[in-house]
Amino acid sequence: MKEKIWLSSPHLTGEEQKYIKEAFDTNWVAPLGPNVNGLEADICAYSQVKSCSALTSGTSAIHLALILLGVEADDEVLVSSFTFSATINPIRYQKAIPVLIDSEKDTWNMSPELLEQAIQDRIAKGKTPKAIILVHLYGMPSKMDELIGIANKYKIPIIEDAAEAIGASYKGRPMGGFGELGVFSFNGNKIITTSGGGALVSNNPDYCKKATFLATQARDEAPHYQHSQIGYNYRMSNIVAGIGRGQIEVLDDRVAARRKNFEFYKKELGDIPTISFVEEPDGFFSNRWLTTILTDSFETRERIRLVLEKENIESRPLWKPMHLQPVFEEFPAYTDGTSEDLFNRGLCLPSGSNLSLEDLRRVVGIIKEVLRTKY
Ligand SMILES: *Cc1c(COP(=O)(O)O)cnc(C)c1O
């Protein structure tokens, strides 16, 4: 069996251990400590935001963001349909209603036209949505000017799900700081990882202060354990944060390596008529978390995927849109077929920052071979 090539595997430097060792040496193993504060400060500096709360996951960050915006049972939340289920699940934790919005074709992110159409329709049906969660998929920024314009017009706050987009920017500004609240993930497959972890950011420090309070079991100030609200156990530990501090030091290198992967794939496969790539519009800077290709048909996509699998190379269809998922199909959706078509024809290629040139050559060699045999 040939050596496995993964879609996106953790890429550590060894430097992470310095921070973990410090935590052991100073006995800051129990929950909080200097690494958590340090990581929060690093994230604020990197993302140009005023405040940060380090949490156990991106999912818990989205959950707390919804709670902070007062989302409750039967409230409606507008959300990108073309995403990972973790964007939507926290809406259901609150027993609120996801209203799923399809993508536009330039960035594959939330369509401003469909967003406005949905808002007008929901208002006409009697309910103004409580929040908008938009996702910067695969590290590509969304059309922020248009989306923020619509959100402001109807006074609906934005949560940015930037789980895949740390290191990406729009018109020179890092993703995560555009909305009322922003979310990052440091899961094992993301561009930087803490093995598992996430963060909530905001330019309104009150939100992050409240998030940290809720994430540590909502303890009121008192010598005994006193509670006046429901709390959560969502806080990142000091050990995990140590990994994050080491990782954020190399984030720019990781972005550069992933962008280089994209450039390589595009150079090698860009001339094939049945394959296309999603390009950055002017002012958009993607971290190219995953390189994705769009083929001419479901059949071509599957042929490539299955041969890669046989060659021990991991690839994956694009996210299956949430309005097509059994668990969410009952909810309102504003769609025009865009994300369904992307799902049918698109494929994520191995994209780790630790791939060698040899790995990349193996992948493109197989894809070229598969497409040659068709004709
Ligand atoms: C990974 C991911 C999440 C969830 O983050 P976790 O840290 O795994 O909980 C949410 N949204 C998107 C778009 C993601 O890719």
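The values are calculated or read from the model by the stated rules, or taken from the named source; none is laboratory data. Remember, it's a predicted structure, so these values are computed and weren't measured experimentally. We place every Cβ from the backbone using ideal geometry, glycine too, and count neighbours over all the protein chains shown. Calculation scope for accessible area: heavy atoms of the full protein, side chains included, ligands and nucleic acids excluded. Shrake-Rupley method; radii C 1.70, N 1.55, O 1.52, S 1.80 Å.
So what's Rg/Rh here for region 286-373, counting alpha carbon atoms and using the Kirkwood radius for Rh? Walk me through the numbers before you get to the answer.
On the way: Rg = 14.9 Å, Rh = 14.4 Å.
On the Cα set of region 286-373, Rg over Rh gives 1.04.
Which whole-number value in Å² is the accessible area per residue of region 16-248, probe 1.4 Å? Write down the numbers at each step before the final one.
Numbers: 8930 Å² over 233 residues.
Roughly 38 Å² per residue, with all protein chains present.
Using square roots of five times the C-alpha gyration tensor eigenvalues, list the equivalent-ellipsoid semi-axes of the chain in whole Å, biggest first. All intermediate terms of the calculation are to be shown ahead of the outcome.
Numbers: eigenvalues 231, 155, 56 Å².
Semi-axes from the Cα gyration tensor: 34, 28, 17 Å.
Provide the solvent-accessible area of ILE97, counting protein heavy atoms only and rolling a 1.4 Å probe, rounded to the nearest 10 Å².
Roll a 1.4 Å probe over it and ILE97 shows about 40 Å².
Once you have the Cα-Cα distance between ASP296 and ASP74, take 0.36 nm times their residue separation minus that, and quote the gain in nm to one decimal.
On the way: separation 222, 0.36 × 222 = 79.92 nm, distance 4.06 nm.
The ASP296-ASP74 span can extend by a further 75.9 nm.
Carbon-plus-sulfur fraction of the accessible area of region 95-254, 1.4 Å probe, in percent?
Numbers: 2970 of 6060 Å².
Using a 1.4 Å probe with all protein chains present, region 95-254 comes out at 49 percent carbon and sulfur.
Below 23 Å, Cα to Cα, which lysines can LYS153 reach? Residues fewer than 8 away in the same chain don't count.
The qualifying lysines are LYS125, LYS127, LYS130, LYS143, LYS171.
Can you tell which of VAL278, GLN17, THR56 lies farthest toward the positive end of the dipole of the chain, using +1 and -1 charges on the Cβ of basic and acidic side chains (Lys, Arg; Asp, Glu)?
Final value for the positive-end residue is GLN17.
Counting only the heavy atoms of the protein chains, how much of TRP108 is accessible to a 1.4 Å probe, in Å² to the nearest 10?
Accessible area of TRP108: about 20 Å².
Just going by the charge dipole of the chain, with Lys and Arg at +1 and Asp and Glu at -1 on Cβ, which of LEU100, VAL364, LEU115 is farthest out on the positive end?
Most positive-ward Cα: VAL364.
How much mean residue ellipticity at 222 nm does the chain get from its helices, if each DSSP H run of length 4 or more adds -39500 (n - 2.57) and you divide by all residues, to the nearest 500 deg cm²/dmol? Before the final figure, lay out the partial values.
On the way: 12 runs with 142 residues, N = 375.
Value at 222 nm, helices only: -11500 deg cm²/dmol.
How many lysine pairs in region 242-375, separated by 8 or more positions in sequence or lying on different chains, have Cα atoms less than 18 Å apart? Don't skip to the answer; put the middle values down first.
On the way: LYS266/LYS368; LYS267/LYS368; LYS310/LYS368; LYS310/LYS374.
Pairs that pass both the separation and distance tests number 4.
Counting heavy atoms of the protein chains only and a 1.4 Å probe, report the per residue accessible area for region 252-374 as a whole number of Å². Could you put the intermediate results ahead of the total?
On the way: 5670 Å² over 123 residues.
That works out to 46 Å² for each residue.
How are the Cα pair distances of region 155-196 distributed, in percent, across 5 Å bins from 0?
6, 25, 25, 21, 15, 6, 2, 0
Would you please state which residues of region 333-375 a label at GLN117 would reach in this model, taking the label point 7 Å out along Cα→Cβ and a backbone N cut-off of under 19 Å?
Counting only backbone N, you get 333-343.
On a full-extension model of 0.36 nm per residue, what is the gain between ARG173 and THR128, subtracting their alpha-carbon distance, rounded to one decimal in nm?
Numbers: separation 45, 0.36 × 45 = 16.20 nm, distance 2.94 nm.
Here the segment from ARG173 to THR128 would lengthen by 13.3 nm.
How would region 201-336 be classified by its alpha-carbon gyration tensor: rounded, prolate or oblate, with rounded meaning a/c under 1.5 and the a/b versus b/c comparison settling the rest? Walk me through the numbers on the way to the answer.
Values: a/c = 2.57, a/b = 1.84, b/c = 1.40.
It is prolate, given that a/c is not under 1.5 and a/b is the larger ratio.
At q = 0.18, 0.23 Å⁻¹, what is the log10 ratio I(q)/I(0) for region 121-235, with the Debye formula run over Cα points and no solvent?
-0.99, -1.23
Given charges of +1 on the Cβ of Lys and Arg and -1 on the Cβ of Asp and Glu, with all other atoms neutral, how large is the dipole of region 252-374 about its Cα centre, in debye to the nearest 20?
On the way: 19 positive and 22 negative charges, 105 e Å.
Charge dipole, region 252-374, about its Cα centre: 500 debye, nearest 20.
If each Cα of region 1-85 is one equal point scatterer, what is log10 of I(q)/I(0) from the Debye formula at q = 0.15 Å⁻¹?
With one equal scatterer per Cα and no solvent, log10 I(q)/I(0) is -0.89.
Along the Cα→Cβ direction, 7 angstrom out, place labels at GLU309 and ASP25. What is the inter-label distance in nm?
4.9 nm
Based on Cβ point charges of +1 for Lys and Arg and -1 for Asp and Glu, what charge dipole magnitude is obtained for the chain about its Cα centre, in debye rounded to the nearest 20?
Numbers: 42 positive and 49 negative charges, 101 e Å.
Here the size comes out at about 480 debye.
Residues with amide H under 5 Å of GLU76's amide H, sequence separation 5 or more or different chain, H placed in the peptide plane at 1.01 Å from N; which?
Long-range HN contacts for GLU76: ILE97, LYS130.
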